[in-house]
Ligand code: SF4
């Protein structure tokens, strides 16, 4: 079941994958670099038997892309075995790591997840649940976690709830996942979102929920809706597909233009382009065709692969675009190099006008909470106006969705909607203070260290 769930979540990370299982007395582990389908087969799955398991697919935000940083991270310590799967980024991991290393702790990886493991192991509490809670009280940043021991599993979401985490049920078993698309595949029922700051403990005594952390305003990651999550998933209480369509509708209202067709940059732009088309009446076309055997360029760790990836991934044809006035829908613009290449390709195939429309505001600030946006030096909107970017991309016009438009779309037009999202990569309004009261410039240097 975990193997199938990882298949459904493959879009969240393609560098490495792993599963740790337990039969109640022994822990079994399989972790490798590569895709879920390459790593697991009948034989390798037989090596990880048991009645409970956790799994992980990784793309690196903190820590390099190597096997020692693959997850779940598993250790044996004085209280037994413990495995952990972590989605997110801790903002104070380096500080705690330095402190622990000064006291003699030895780290096996460069991931901030290992800091959590050390804090759990060093805790003076007796029960695993209490050790986990006391360890997590020291960390800051984003974490959706699954922790597995021989006899219990613990799911935790950080107090702001940056990254998604959902609870499901499959007959007499429980399931926890980043997104509901994994439940659909294994035919588990969706029960509810695990709340920001919630700890759910699964053991032979049943399932219990706790809220042990200081309460703060929830700040769910809005970029999960814009780009990261799968459109068929339900996260943060709404289906991603419907939110993306609403983003497209808002974009059409804010910056519609006379055109012959609207085309998405697949796959993430498809739902928004449908919404744009429905609101504007401009016909939807698949003007760009994606090669599905190439991964998502945004989450490849190396610059060289990212640039090469655009041509590998997308193509267009004369018959569809020649002589046409085209609205191109993308979810975000990071460096603008991808958009520029796509526009060049469309012009080479004879497109007459290209109006580039983005379903998010300009990405001007880096993310420290688990999405691999680069520092401001590489974010084109940090240092260039929309007109400058339009000129660089060679589009006829370029428009972004406004922050207010984005909020309206997320709220689905409801007057009672409470906006509880992080939008720091667009607004610079970071929900957490940086360690030692650092300013943004210092924090950017600090995370690169
Ligand atoms: Fe999401 Fe942006 Fe906030 Fe990061 S900074 S958690 S990508 S909204």
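Looking only at 25, 363, 180, which one moves most when the chain is put into a Gaussian network model with springs between Cα atoms under 10 Å?
Looking only at 25, 363, 180, the largest GNM fluctuation is found for 25.
Which residue fluctuates the most in the chain, going by a Gaussian network model with Cα springs under 10 Å, if the choices are 152, 217, 114?
Comparing 152, 217, 114 in the GNM, the peak value goes to 217.
Quick check: Cα centre of the range 393-449 to Cα centre of the range 1-58, how many Å?
Here the two parts' Cα centres lie 34 Å apart.
Could you tell me the calculated FRET efficiency between residue 407 and residue 192, based on Cβ-Cβ distance and R0 = 25 angstrom, to the nearest 0.05?
Approximately 0.55, to the nearest 0.05.
Given 10 Å bins starting at zero, what is the percent of C-alpha pairs of the chain in each, up to the one with the largest pair distance?
Percent of pairs per bin, in order: 4, 21, 31, 25, 14, 5, 1, 0.
Please give, to one decimal in nm, the separation of the simple spin-label points placed at residue 210 and residue 391, each 7 Å out from Cα toward the Cβ.
Result: 5.9 nm between the two label points.
For Cα pairs less than 8 Å apart in space and 6+ apart in sequence, what is the mean separation divided by the residue count of the chain, i.e. the relative contact order in percent?
12 percent
Against the globular-protein guess of 2.2 N^0.38 Å, express the Cα radius of gyration of the range 348-449 as a ratio, rounded to two decimals.
Working: Rg = 16.6 Å, N = 102, 2.2 N^0.38 = 12.8 Å.
That ratio works out to 1.30.
Sorted by mean Cβ packing within 10 Å, highest first, what order do the peptides 80-92, 374-386, 394-406 take?
Put in order of decreasing packing, that is 80-92, 394-406, 374-386.
Of the DSSP beta bridges with both residues in the chain, give the percent that are antiparallel, rounding to the nearest 5.
Within the chain, antiparallel bridges account for around 75 percent of the total.
Using mean Cβ contacts within 10 Å as the protection proxy, how do 339-346, 5-12, 162-169, 39-46 order, highest first?
The densest-packed peptide leads the list: 162-169, 5-12, 339-346, 39-46.
Please compute the length gained on full extension between residue 341 and residue 384, using 0.36 nm multiplied by the number of residues separating them and subtracting their Cα-Cα distance.
13.6 nm
Please report, to two decimal places, log10 I(q)/I(0) for the range 193-268 at q = 0.17 Å⁻¹ as given by the Debye formula with identical point scatterers on the Cα atoms and no solvent.
-0.83
Give the calculated FRET efficiency between residue 10 and residue 416 to the nearest 0.05, with a Förster radius of 30 Å applied to their Cβ-Cβ distance. Let's see the in-between values first.
Working: r = 36 Å, r/R0 = 1.22.
FRET efficiency, residue 10 to residue 416: 0.25.
Write down the Kirkwood hydrodynamic radius of the range 126-178, to one decimal in angstroms, obtained as one divided by the mean of 1/r over all alpha carbon pairs.
Here the Kirkwood hydrodynamic radius works out to 12.3 Å.
With the chain treated as a Gaussian network of Cα nodes joined by springs under 10 Å, which of 137, 245, 94 yields the largest mean-square fluctuation?
The residue that fluctuates most here is 137.
Quickly rank 425-435, 408-418 as a protection proxy: mean count of other C-beta atoms within 10 Å, highest first.
425-435, 408-418
Could you work out the pair-distance distribution P(r) of the range 46-123 from its alpha-carbon pairs, with 10 angstrom bin width and percents rounded to whole numbers?
Each 10 Å bin holds this share of Cα pairs: 17, 50, 28, 5, 0.
Quote the FRET efficiency, to the nearest 0.05, computed for residue 257 versus residue 322 with a Förster distance R0 of 22 Å and r equal to the Cβ-Cβ distance. Before the final figure, lay out each step's value.
Numbers: r = 19 Å, r/R0 = 0.88.
Efficiency computed from Cβ-Cβ geometry: 0.70.
Compute and list, largest first, the equivalent-ellipsoid semi-axes of the range 136-213 from the alpha carbon gyration tensor, each √(5λ) rounded to a whole angstrom.
Equivalent ellipsoid of the range 136-213: 21, 16, 10 Å, largest first.
Computed from the coordinates by the stated procedures, all read-outs in this text should not be read as laboratory data. Quick caveat: nothing in here was measured; it's all calculated off a predicted structure. So basically every Cβ, Gly included, is an ideal-geometry build from the backbone, and we count neighbours across all protein chains shown.
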